[in-house]
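What follows draws every value from the coordinates through simple rules; no lab data is involved. These figures come from a predicted structure and were not determined experimentally. Backbone-built Cβ (ideal geometry, glycine too); neighbour counts: all protein chains shown.
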Amino acid sequence: MLFLIADAFDASLPERLRAFGEVTDDPSRLGEAHVVLIRSKTKMTRELIDRAPNLKLIIRGGVGLDNVDKAYAAQKGILVRNTPNASSIAVAELAFCLMLAVPNRLVEAHQSLREGRWEKKTLKRTELFGKTLCLLGAGHIATEVGRRARAFGMRVLAYDPYVKTHEVAELVPDLATGLAAADYVSMHLPLTPETTGLLNKSTFALMKRGVVLVNAARAKCIVQDDLKEALDSGQVGFYATDVWPTDPPEPGYFVLTHPNVLMTPHLGASSRENLGRICEETIQLLTHLKKEGKL
């Protein structure tokens, strides 16, 4: 059995995979591969799947599976799996870091000092304490964000139509209720037909004026033209994001130059510790599949 590592993983993964078969990172051997391991960079499209006639399994190291044509893989009898637990801490910490940086004016403060300016009187901070956070999505990552928010004294709401109870957040019955109450909105949704464009002109209008929006999910969950309008008008006071319509974004993408934006280059799952957890969860997955006779 041949394992093709198509993207960057922890350095220990190749050696650990050798317990299951031959390992390569040579993309020219895709046609021979039985298992392909990807993260965000590689897109397992119909075309790429057709170039892998021996493929039995696609493993996405991370949570979202929007870079895999799952329907076509299923049609071809190919299993698709991810590592849903591994990235929770890493992504949650970055999302909360973005949420902290905005009211504390960290970037402006740092940059002003670099430029020789002392802005103590002009940079006014606000606190997270006592504010309301609405989580869009209530899965593993959102739960970890919620835990951190509660530790900071925030009220934590969550909207997720597929979750009936939650250990951290107060579940709201509909999106409108959560958005109307929130001072901060943090997005932790998969990209699906249901969530594509979930935030748009009509849903922005439901929010408090000046709301802070944090996106650690997918850029396409937001209608981009409507986001620009909301930022320009001040309806959305600040947009903090780690995700982009494309990696990297097109040079003319308005988010890159908008003054009310804080951004990072899709770093959410890139911690050293997380890469190790992805490796561990991958090995556990393979062991389980082998035991079940699916590998």
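Among K291, K121, rank each residue by its count of other Cβ atoms within 10 Å, from fewest to most, as a rough exposure measure.
K121, K291
So for each of 190-198, 210-218 I average, over its residues, the number of other beta carbons within 10 Å; can you give me the resulting order with the highest mean first?
Ranked from most to least packed, the peptides come out as 210-218, 190-198.
Put +1 on the Cβ of each Lys and Arg and -1 on the Cβ of each Asp and Glu in segment 88-263; which of N260, A205, L227 then has its Cα farthest toward the positive end of the dipole?
The residue sitting most towards the positive pole is N260.
In this model, which of K70/K290; K164/K201; K43/K164; K208/K228; K220/K294 are farther than 26 Å apart at the alpha-carbon?
The answer is K164/K201; K43/K164; K220/K294.
Charges at C-beta only: +1 for Lys and Arg, -1 for Asp and Glu. How large is the resulting dipole of segment 208-295 about its Cα centre, in Debye rounded to 20?
With only Lys, Arg, Asp and Glu charged at Cβ, the dipole is about 340 debye.
Relative to the compact-globule scaling 2.2 N^0.38 Å, provide the ratio for the alpha-carbon radius of gyration of segment 29-137.
1.68
Within segment 222-295, report the GluC sites (Glu not before Pro) that DSSP leaves as loop and that have at most 11 other Cβ atoms within 10 Å.
Passing sites in segment 222-295 are E292.
May I ask which residue of N67, L106, F152 lies farthest towards the positive end of the charge dipole of the chain, with charges of +1 (Lys, Arg) and -1 (Asp, Glu) on Cβ and the Cα centre as origin?
After comparing all options, I get F152.
If you average over every viewing direction, what projected area does the convex hull of the Cα atoms of the chain give, in nm²?
Orientation-averaged projected area of the Cα hull: 17.3 nm².
Could you list I58, I49 so that the one with the fewest beta carbons within 10 Å of its beta carbon is first and the one with the most is last?
Placing the least packed residue first, the sequence is I49, I58.
Just the Cα atoms of segment 197-295, one point each, no solvent: what log10 I(q)/I(0) does Debye give at q = 0.12, 0.20, 0.23 Å⁻¹?
So the normalised log intensities work out to -0.53, -0.94, -1.15.
What number, rounded to the nearest 500 deg cm²/dmol, is the helix-based mean residue ellipticity at 222 nm of the chain, given -39500 (n - 2.57) per DSSP H run of at least four residues and division by all its residues?
-9000 deg cm²/dmol
For the residue pair R29 and R272, what label-to-label distance in nm results when each label sits 7 Å from Cα along the Cα-to-beta-carbon direction?
It works out to 2.9 nm between the two label points.
Using +1 at the Cβ of each Lys and Arg and -1 at the Cβ of each Asp and Glu in segment 76-162, identify which of F96, N82, W118 lies farthest towards the dipole's positive end.
W118
For segment 88-263, what is the convex hull (Cα atoms) projected area averaged across all directions, in square nanometres?
Computed as one quarter of the Cα hull surface, the answer is 10.4 nm².
Using alpha carbons only, how many degrees (0 to 90, rounded to 10) separate the axis of helix 88-101 from the longest principal axis of the chain?
Once rounded, the angle reads 20 degrees.
What nm distance separates the two modelled labels at E194 and Q284, each placed 7 Å from Cα along Cα→Cβ?
2.6
About the Cα centre, and with charges only on the beta carbon of Lys, Arg (+1) and Asp, Glu (-1), how big is the dipole of segment 88-263? Nearest 20 debye, please.
In total the dipole reaches around 680 debye.
Would you mind ranking M187, M154, M1 by Cβ crowding within 10 Å, fewest neighbours first?
In increasing order of surrounding Cβ atoms, one gets M1, M154, M187.
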